[in-house]
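Below is one structure, written out as C-alpha cells; comments come after it.
Derivation of every value follows stated rules applied to the coordinates shown; laboratory data play no part. As the structure is a prediction and not an experimental result, all values here were calculated from the model. Don't worry about glycine lacking a Cβ; one is built from the backbone with ideal geometry, like all the others, and counts go over all protein chains shown.
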Amino acid sequence: MRARMAISYSGIKVELREVVLREMPPSLLACSLKGTVPVLVLPDGRVIDESRDIIAWALAESDPERWLPDGREGGQEDTDRLIDENDHSFKQNLDHYKYAERYPEHLASTYRAEGEGFLQQLEQRLGRQAWLASERMGVADIAIFPFIRQFAHVDRLWFERTPYPRLHDWLNYFLDSALFLEVMKKYPQWQDGDDMTLFPE
Ligand SMILES: N[C@@H](CCC(=O)N[C@@H](CS)C(=O)NCC(=O)O)C(=O)O
C-alpha cells in the first residue's frame, strides 16, 4: 500500500500486475526470490523488492510536495529512525497482535500493549508538530500509515477508545484521502498474456 501511495503521489505511471500471494507467478519469483510483494522492476532491469526502497526511489524521481525531510538539522535521521522503529519492532508487535493465535505464548492483549507504546510515541509527536516528523506531511507519515491502519483494525472498538485523539485524526485524514482511495481500488489478478494495466489509471 505505501509503495503504491508513493508512486501515485510522485506521478509516475507503472505497469501494475496484481498477484495473489498463494499463486505467485513464476515470472515474479524470477525477479525476486523473496516471494513477497511489492516488487518494482525498472526499465533498466533493476529490481526493487522492499516497499521502503520503492518509496525512496519514487520520491527521488519526483517529490512535488516535498515529502522528503527538509534540511532541518536531524530531520533525515529522525525520519529514518522513526520508520526503522515502525518497520522492525512495531511491525513485529502488529503481526503478533494480528495473528495472536499463531503466537500462543502470550495473549493478544499483551502483544497489543507492546505495540501501544509506539502509538503513544506517535501521539506525542503529533502534539509537538502537525505531522509525524515535521510541520509538513512527509515520508514518515506515508510509510507508517498502513501499519497504524492495520493495528487499529484488529479491534476497532478498542482503538477508538484509546486516548490518542491526534493519532485518530491523523489516521482518519489518510483514510479519507484521495491517495488512499486511489490505492484501494481493486484490480483483477494478473495473468500471463493479459493486457497491460497502468497504475494509477
Ligand atoms: N519487507 C517487505 C514486506 C512485504 C510483505 O510482507 N508483503 C506481504 C504482502 S503485504 C507479502 O508479500 N507476504 C507474502 C509472504 O510473506 O509470504 C516490504 O515492505 O516490502
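Mind counting the residues in segment 26-38 that are surrounded by 12 or more Cβ atoms within 10 Å (Cβ to Cβ) and more than 11 Å from the ligand (Cβ to nearest atom)? Counting residues in segment 26-38 that are surrounded by 12 or more Cβ atoms within 10 Å (Cβ to Cβ) and more than 11 Å from the ligand (Cβ to nearest atom) gives 3. Specify the residue that is surrounded by the most Cβ atoms within 10 Å (Cβ to Cβ); the eligible residues are those in segment 98-130 that are among the aromatic types (Phe, Trp, Tyr) and without any contact (Cβ under 8 Å) to a residue 12 or more places away in the chain. The qualifying residue surrounded by the most Cβ atoms within 10 Å (Cβ to Cβ) is Tyr103. Residue count for segment 155-201 under the criterion of being within 13 Å of Glu18 (Cβ to Cβ) and either touching a helix residue (DSSP H, G or I) at 6+ places or on another chain (Cβ under 6 Å) or among the hydroxyl-bearing types (Ser, Thr, Tyr) (or both): the result is 3. Considering (1) farther than 17 Å from Asp80 by Cα; (2) in contact (Cβ under 8 Å) with a residue 24 or more places away in the chain; (3) within 12 Å of the ligand (Cβ to nearest atom), the lone condition that Arg2 does not fulfil carries the number (1). Among the candidates Ala108, Ala143, Ala130, Ala100, the residue that is closer than 22 Å to Ala6 by Cα and away from the ligand (no atom under 16 Å from the Cβ) is uniquely Ala130. Could you check how many residues of segment 25-41 are in contact (Cβ under 8 Å) with a residue 12 or more places away in the chain, of a type outside the set (S, T, N, Q) and in a loop (DSSP other than H, G, I, E, B)? Residues that pass the stated criteria total 4. Taking the listed residues Arg66, Arg52, the one that is at positive phi and within 19 Å of the chain's Cα centre (by Cα) is Arg66, with no other qualifying.
Can you find a residue that is among the aromatic types (Phe, Trp, Tyr), in contact with a Leu (Cβ under 7 Å, 6 or more places away or on another chain) and more than 29 Å from Ala60 (Cα to Cα) anywhere in segment 167-179? Within segment 167-179, none of the residues are among the aromatic types (Phe, Trp, Tyr), in contact with a Leu (Cβ under 7 Å, 6 or more places away or on another chain) and more than 29 Å from Ala60 (Cα to Cα).
Within 16 Å of the ligand (Cβ to nearest atom), exposed (fewer than 13 other Cβ atoms within 10 Å of the Cβ) and of a type in the set (D, E, K, R): does that describe Glu23? Reasoning before the result, please.
Details: within 16 Å of the ligand (Cβ to nearest atom): yes; exposed (fewer than 13 other Cβ atoms within 10 Å of the Cβ): yes; of a type in the set (D, E, K, R): yes.
It is true that Glu23 is within 16 Å of the ligand (Cβ to nearest atom), exposed (fewer than 13 other Cβ atoms within 10 Å of the Cβ) and of a type in the set (D, E, K, R).
The one condition from (1) closer than 18 Å to Ala140 by Cβ; (2) more than 10 Å from the ligand (Cβ to nearest atom); (3) not aliphatic (A, V, I, L, M) that Arg52 does not meet is (2). The lone criterion from (1) more than 16 Å from the ligand (Cβ to nearest atom); (2) surrounded by 15 or more Cβ atoms within 10 Å (Cβ to Cβ); (3) over 14 Å from the mean Cα position of the chain (by Cα) left unmet by Ser8 is number (3).
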